[in-house]
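Derivation of every value follows stated rules applied to the coordinates shown; laboratory data play no part. The shown structure was predicted, so the numbers you read here are calculated from the model rather than taken from an experiment. Note that we place each Cβ from the backbone using ideal geometry, even for glycine, and neighbour counts take in every protein chain shown.
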Amino acid sequence: MSTRARRIKDRIFKATILSLSLLTLLPLLLILITIISKGYSAISLDFFTKLPTPPGDPGGGILNSIVGSLLLIAIAVVISVPTGVGLGLYLSETRGPWASLVEILINTLQGIPSIVVGILAYLWIVKPLGGFSALSGGVALAIIMLPTVARATQETLIRLPTSLKEAGLSLGASYTRTIWKVILPSAMPGILSGVLLGVARIAGETAPLLFTAFGNPYLNLNPLKPVDAVPLLVFNYAMSPYSDWHQKAWGASLVLMVFILGINITIRKGPWKRR
Amino acid sequence: MEKEIILETIDLSAAYGDNWVVKSVNLAVPYNKVIAIMGPSGCGKSTFIRCLNRMHELLPGTKIKGQVLLEGENIFDLPPTTVRRRIGMVFQRPNPFPTMSIYDNVLAGYILRGEKLSRAERDEIVETSLKKAFLWDEVKDSLHKRGTFLSGGQQQRLCIARALAMRPDILLLDEPTSALDPKAQAMIEELITQLKETVSIVLVTHNRAQAARVSDYTAFMYLGEIVEIGPTPQMFTAPKDPRTEEYLTGKFG
Amino acid sequence: MFEEKLNEIKRRLVEEASLAETMVKYSIQGLLERRADLLDKVINEMEPRMNETEVELDEMCTNFIALYEPRAAQLRTVLMVLKMNNDLERIGDLAVNISTSAQYLIERPQVKPLIDIPKMAEETTGMLKDAIDAFINSDAEKAKRVCERDEIVDNLRDQVLRELITYMTSDPTTIERAIHLIKISRNLERIADLSTNIAEDVIFVVEGKIIKHHHGEEETKGN
């Protein structure tokens, strides 16, 4: 084959790949464009700092749902990080029937629809406590986030060279202290990415919050009372018949999207990543 | 003779599952000498020295028989952490702790064991250990940088300093230069010959020339057994066992 | 570590060389000053010491090669030390031969005043000393000058031989003593030869080329 023919073939191939990848990006781009164009006008300082106004009244913001989301995420992180890291550590350090069982359970958990998790949280927490609460929402989100954290921890730990653990032990350190002072700190970047990935995952969850956090038009910091969340607000406002609420739903979607995008970029370009 | 020996193995055998890779080894380590264990890959030499600081038993499914006497005391009757504090180890690949500074790496043993030291003690230990490991001049201005930024040879010397910081009686070196370039290797060899003034050394190597250059005694290990042991010059000029002769002349391994 | 061991070997060789030199000196001094004690010392004290040193140095070199696998200049040095060791031990033997002849001679009247033999001895020990100096300082020029002096010793030996032949033909009672003197001159000439060998070895160590059997010839060039 002549060089010329080969070069033409090469060009065609490259062009095909490029157009195919653009095609896959197209839906994402369309979503981005739509959300930005529709939500842009809703964004203002008030949007972040004011509570919602009744339909028809101009102004107001979504402060209640932003704070609510942050509270829910905080509860989910506080619950899922210790358990997730613990599970990940257990899975990477142990072999045997128990460990395989735990691994299967974690994988199954990852596949459970989030609305089912919401129902479970409703049964376990909302019913006994006799009311919707941020706590129940946080627990539901923690369960959804748990497999991600556990997985990330396990995979990071498995990838750490065994020589690191050996180095700790060979200095006369106990197993526990070696894990605490050497293994976990070395795995920190990987665990952190896992946590952020989990946060990105739960930040947009709506279904499990329907029967747990429930929603709340007022600012609430009490974990035992219902709270609003950004995705919940988007759901409620979008379902409403009021056009200014529709407008706010677009704005809230934009906020949510930027937040999740931000987390993903942080995971990618994390400042903690060495070299 | 009795008090010239710091460490002695008596019929020491070690296995992975039912595969006995070290078979009834009797070996005595004298004070302030370098004893090299050479042999082809898979002859059990690494497993053997990993028994000496109770690292072998960390892997699942391993077995050990026999005794290891450290100044007359069987190490299997002592807590592993005590044994490992007194018998330091340096591994094939340099493994400084990536999250710690050079300074903390040297002190890692104390930090990990939770032994508190005063500022002055810490400074003193870091300086003397790094000096003993021929690393002080190269790192004294960057003690608080991470150890992982050093070159391979420097990292390995940092690991030696880290082991020396615990003031061990014995230092086990498991192929300490096989991941290093010739220049770094030469430096570590020079270091080994100096270190024996303060510590007894067991060096495992598949590098015959290295055993010849740095050790006082050489043992040849093959298929899990010590075939022959003797003063290094004698082992390299007139070995008694035909298998040693064959190994030294490159007929196998 | 490497250099250190090699220096130790060199030091040992220098010791051996000075022992050889002293043996030659004492055997001639014993002859000239008629001192049986010096001759006795050469035969019964220095010769065994020389043999011991030779064995030791042999061992040191073997160990060095086995343990350190020397290359290039270091390999040449060790190989040459081995050869020099051999040469020096031979010089010791020759000094013993001289002493044995001297022991015979000092108990009998002189055939003639000794002039050329002391000259030969001086020249020979000088050559040995210079060859060793050249080795210590890696001085190829000095070594080359040693090689040139071999001829002076050869000429002196011929002269001694001619002179003694005239004595022997004129007075047959001197024959036995004259033969011993001839043997001494022959031994001295052999020592000079061995010193030349050493000098040639030094040139090999320093320059890496073998000049044996070539000296005096033009260096072969290109085509």
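Using a/c under 1.5 as the rounded threshold, could you call region A:6-113 rounded, prolate or oblate? The axes a ≥ b ≥ c are square roots of the C-alpha gyration tensor eigenvalues, and prolate needs a/b larger than b/c, oblate otherwise. Cα axes put region A:6-113 in the oblate bin. When Rg and the Kirkwood Rh are both derived from Cα coordinates, the Rg/Rh ratio for region A:3-42 amounts to 1.39. Here, region B:1-113 has an Rg and a Dmax of 15.3, 45 Å when only alpha carbons are counted. Pairs exceeding 27 Å between alpha-carbon atoms, taken from A:Lys181/B:Lys65; B:Lys33/B:Lys116; B:Lys65/B:Lys116; A:Lys165/B:Lys116; B:Lys33/B:Lys240: A:Lys181/B:Lys65; B:Lys33/B:Lys116; B:Lys65/B:Lys116. Taking chain C as the reference, fit the longest principal axis to its C-alpha atoms, fit the long axis of helix C:140-170 to the helix C-alpha atoms, and give the angle between the two in degrees, 0 to 90, nearest 10. Computed tilt is about 20 degrees. Of the peptides B:18-26, B:100-108, the order by per-residue mean of other Cβ atoms within 10 Å, starting with the highest, comes out as B:100-108, B:18-26. Taking Lys and Arg as +1 and Asp and Glu as -1, the other residues whose beta-carbon sits under 14 Å from that of B:Gln92 total 0.
Think of each Lys and Arg Cβ as +1 and each Asp and Glu Cβ as -1; about the Cα centre, that makes the dipole of region C:2-207 roughly 480 debye. Once the Cα atoms are used to define both axes, helix C:72-105 deviates from the longest principal axis of chain C by about 10 degrees. Among A:Arg4, B:Arg243, a tally of other beta-carbon atoms within 10 Å of each Cβ gives an order, fewest to most, of A:Arg4, B:Arg243. For region A:48-268, the spherically averaged projection of the C-alpha convex hull amounts to 13.8 nm².
Ranked by the mean number of other Cβ atoms within 10 Å of their residues, highest first, the peptides A:200-207, C:52-59, A:168-175, C:138-145 fall in the order A:168-175, A:200-207, C:138-145, C:52-59. For the residues of B:108-114, the average number of beta carbons from a partner chain within 10 Å of their own beta carbon is 6. Summary of the geometry: region B:144-181 and region C:22-59, compared by the centres of their Cα atoms, lie 54 Å apart.
Each part gets one Cα centre, and for region B:24-61 versus region A:150-186 those centres are 24 Å apart. Mean per-residue shielding of peptide A:161-168 is 6, counting Cβ atoms of other chains within 10 Å of each Cβ. Evaluated at q = 0.10 Å⁻¹, a Debye calculation over the C-alpha positions of the protein assembly as shown (equal weights, vacuum) places log10 I(q)/I(0) at -1.07.
Ellipticity at 222 nm from helices only: DSSP H runs of n ≥ 4 in chain A, each -39500 (n - 2.57), divided by the residue count, give -23500 deg cm²/dmol. Counting Cβ atoms of other protein chains within 10 Å of each residue's Cβ and taking the mean over peptide B:232-238 gives 4. Across q = 0.10, 0.16 Å⁻¹, chain C modelled as identical point scatterers on its alpha-carbon atoms has Debye log10 I(q)/I(0) values of -0.49, -1.04, in the order of the q list. When B:Met55, B:Met235 are sorted by how many other C-beta atoms sit within 10 angstrom of their C-beta, beginning with the fewest, the order is B:Met55, B:Met235.
Can you compute the helix-only [θ] at 222 nm over chain C? Use -39500 (n - 2.57) per DSSP H run of at least 4 residues, normalise by all residues, nearest 500 deg cm²/dmol. Helices in chain C give a 222 nm mean residue ellipticity of -28500 deg cm²/dmol. The trypsin sites (Lys or Arg not before Pro) found in region A:93-195 that occupy coil by DSSP, while having at most 11 further C-beta atoms within 10 Å, are A:Arg95. Packing around the peptides C:123-133, A:6-16, A:115-125, taken as the average count of other Cβ atoms within 10 Å per residue, puts them in this order, highest first: C:123-133, A:115-125, A:6-16. In this rough spin-label picture, where each label sits 7 Å from Cα along the Cβ direction, the A:Ala5-C:Thr166 distance is 10.5 nm. I'd like the orientation of helix B:152-164 relative to chain B: the angle between its Cα long axis and the longest Cα principal axis, in ° from 0 to 90, rounded to 10. Helix B:152-164 and the main axis of chain B meet at about 90 degrees.
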